[in-house]
Every structure is written in C-alpha cells, then in structure tokens.
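Student: Structure incoming, see below.
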Amino acid sequence: MLNYDKVKHWPIEDVTQTWTERDSILYALGLGVGGDPMDANQLRFTYEKDLQAVPTLAAAIAWPKSWMRNPETGIDYLKLVHGEQDTRLFKPMPASGTVTSRTRVSRICDKGVGKGAIVELLRDIIDTASGERIAETRQISFLRGDGGFSEVSGVTDAPPAGLPGVPERAPDAEFELTSPAQAALIYRLSGDSNPLHADPEIAAKAGFSKPILHGLATYGMAAFAAISCLAAGDARRLKRVAARFTAPVYPGETLRFQFWKGDNGRWHLLARIDARDVIVLNNGLIILS
C-alpha cells in the first residue's frame, strides 16, 4: 500500500543535464517535425540555421531516476498511468545548454478504495550557469492500484484543480501532424527508453497491438502544432501548454489538433485521431504571449 509519508517526503535527486543542438533536433524529429523537409517552419526546429527548440523539451530532459519503482514507496508501479502534463515557460527554451532539475512531490490524493490515487510532481528546470528558472513542469500520475491508503495513514491531500474543458462549439483553428512509423524509436533516444514503446512482445503483454508512442511525444506534438498554427512558428511566444492524456497514440497515425480562442492569449486544445475516432488529448490549455 502507498506510504503517504515516505512518498510525500521522498528525497528526489537533483539532475544536471547538458544538451546540444543535435539533441534539440532529435527531439523534434521524434515528434514528427521535419516530415516535410521543404517546409520552412519545420526546418526552424530541425536544421541548425536559426534553430529553435520545441519548448516542451523542458518536460523531457533532466529526469530523476524512476524512484516510484522502489518497494519502500508502496506504489503499485505496474498500474501507474501518466494522466496530465503541464509546462510553464518563464524564458525561451534554449536549443542547447545545461540545466539542473529539482523535483518535489507536491500532492498525494486518495480517491478511495478501488478508485486509485493521484500523485502530483513539480519540477523546476533551472539554468545551471545563471541559476534562473527556465520552466516548471507539473506531472500528474494516476495510481490505479493505490486507492484507500488514507484509511491507514489517516491523511490525504486535496485533489488538484482540474484543467478546463473545451468549448462546445466549432474550433477556431486546426492543425494536422502525422507521427512517423518510427517515431517512438526516434523519440526514445531523447531519454525515455521504456520498452513498451519499442518491443512488440512487451506491448502485447500490456494489451496493445503494437508499441505505442510516448505520451510526452504526443504532448510535444501539441506544442509544435500550437506554435505553428497560432504563433507563426515563433517558439518564444509559447508560455504554457497543459493537457490530459485520454488515449494512446500509435506511431504512424495522423493527429488533428483543434484550438478554441479564449481571453488574454489563452487557447483551449483537443487532439483527435479521425481514423480511429478517438480523442487522445483533452482539457488542453495553451497560453501565448
């Protein structure tokens, strides 16, 4: 059973990582950017000339080791699902540099016996040389096998605020992006080597017909779609991207990103795969300057 006190105060290590322009390009290629090598917008993320990093790279680098696998946490790791991701940019994400990440458990919420639990992690991405914070990432994991822990510990945190739903009207803008058939094999070179995304046998044991794309790759695709469709390709304008993961994506599928204009640079986001009639990202929020 999940140990509230140990998980809430787990000593998560700081992680320092250096990345290069090559790494930024590799990350973009794993998102399907560069599928049209004649597209000037895509070349801004995949060619050294005037190179920009897709800002959600901040959510993919300098990750601590997978401490939730430790038996002392009491977490049933096999039933953990990545539920939501939220990144706030305080400075433009550099195409190369060195950062230090500092991660903390900010919230553990018991939904009840048989209903699972929620763990919220906050991670600061800090420029190692200057000490300035580049970004903050917020990750919510659903622990499907850990509901009811508060009956033993006697303590639970309030649930996190929900992301806003999309308006019930036609979207104001749409953008399509196709994930290459080898996307997961490319994306895993950016740091997430979970065999679920590469090994057909392991994917089958998990109930999938073939290896699935990383959730953070789908999330990065949403950021690129927003930059391309709403910000004229200027990655510096992206200040926040948040979304809930609602269904897996298979490499090779085409995603249709839909956007609804809000107030003060806010846009609502939803992503769907028309070929399977499934929504893969929902309750999305984009903020632009």
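Nothing in this text is a laboratory measurement; each read-out follows from the coordinates by a stated rule. Since we're looking at a predicted model, the values are computed, not measured. So basically every Cβ, Gly included, is an ideal-geometry build from the backbone, and we count neighbours across all protein chains shown.
Student: Which of the following values of Cα extents along the principal axes in Å was calculated from the structure shown: (i) 80, 77, 57; (ii) 53, 45, 38; (iii) 59, 47, 44?
Tutor: Correct label, based on the coordinates given: (iii).
Student: Can you give the net charge of the other residues whose Cβ lies under 11 Å from the Cβ of Glu48, counting K and R as +1 and D and E as -1?
Tutor: Working: positive: Arg22, Arg44, Lys49; negative: Glu21, Asp50.
Neighbour charge sum, excluding Glu48 itself: +1.
Student: Check which residues have an amide H placed less than 5 Å from Ala173's amide H, if you skip close sequence neighbours.
Tutor: Close amide H contacts, sequence-distant or interchain: Phe259.
Student: Quick one: order Met1, Met221, Met93 by neighbouring beta-carbon count within 10 Å, fewest to most.
Tutor: Going from sparsest to densest Cβ surroundings: Met1, Met93, Met221.
Student: Cα centroid distance between the stretch 38-116 and the stretch 254-289, in Å?
Tutor: One Cα centre to the other: 19 Å.
Student: For n ≥ 4 DSSP H runs only, could you compute -39500 (n - 2.57) per run for the chain, divide by its residues and tell me the 222 nm figure to the nearest 500?
Tutor: So the calculated ellipticity at 222 nm is -5000 deg cm²/dmol.
Student: Now, a different point. In the stretch 140-213, what chymotrypsin sites (Phe, Trp or Tyr not before Pro) fall in a loop by DSSP, with at most 15 other Cβ atoms inside 10 Å?
Tutor: Phe208
Student: Right, another one. With +1 on each Lys and Arg Cβ and -1 on each Asp and Glu Cβ, how big is the dipole of the stretch 173-288 about its Cα centre, in debye rounded to the nearest 20?
Tutor: 380 debye
Student: What lysines could a cross-link reach from Lys115, if we take a straight Cα to Cα line under 17 Å and drop same-chain neighbours fewer than 8 places away?
Tutor: Qualifying lysines at Cα under 17 Å: Lys79.
Student: For the chain, build the charge dipole from Cβ charges (+1 Lys, Arg; -1 Asp, Glu) around the Cα centre, then report which of Pro200, Gly148, Trp19 sits farthest towards its positive end.
Tutor: Projecting each Cα onto the dipole axis, the largest value belongs to Gly148.
Student: How large is ³J(HN,Hα), in whole Hz, for each residue of the stretch 8-23 in order, when computed from phi with the Karplus curve 6.51 cos²θ - 1.76 cosθ + 1.60 and θ = phi - 60°, using x for Gly and Pro?
Tutor: 5, 10, 4, x, 6, 5, 6, 10, 10, 9, 9, 10, 10, 4, 4, 5
Student: Then there's this: Which longest uninterrupted range of the chain lacks any GluC sites (Glu not before Pro) assigned by DSSP to a loop state (not H, G, I, E or B) and surrounded by at most 12 other Cβ atoms within 10 Å? Working shown, then result.
Tutor: On the way: sites that count: Glu13, Glu48, Glu132, Glu168.
It works out to 169-289.
Student: Cut-off under 28 Å on the C-alpha distance; same-chain residues fewer than 8 positions from Lys49 excluded. Which lysines are left, in chain and number order?
Tutor: Cross-link targets: Lys91, Lys239.
Student: Could you state the angle between the C-alpha long axis of helix 215-230 and the longest principal axis of the C-alpha atoms of the chain, as a value from 0 to 90 degrees rounded to the nearest 10?
Tutor: Helix 215-230 and the main axis of the chain meet at about 40 degrees.
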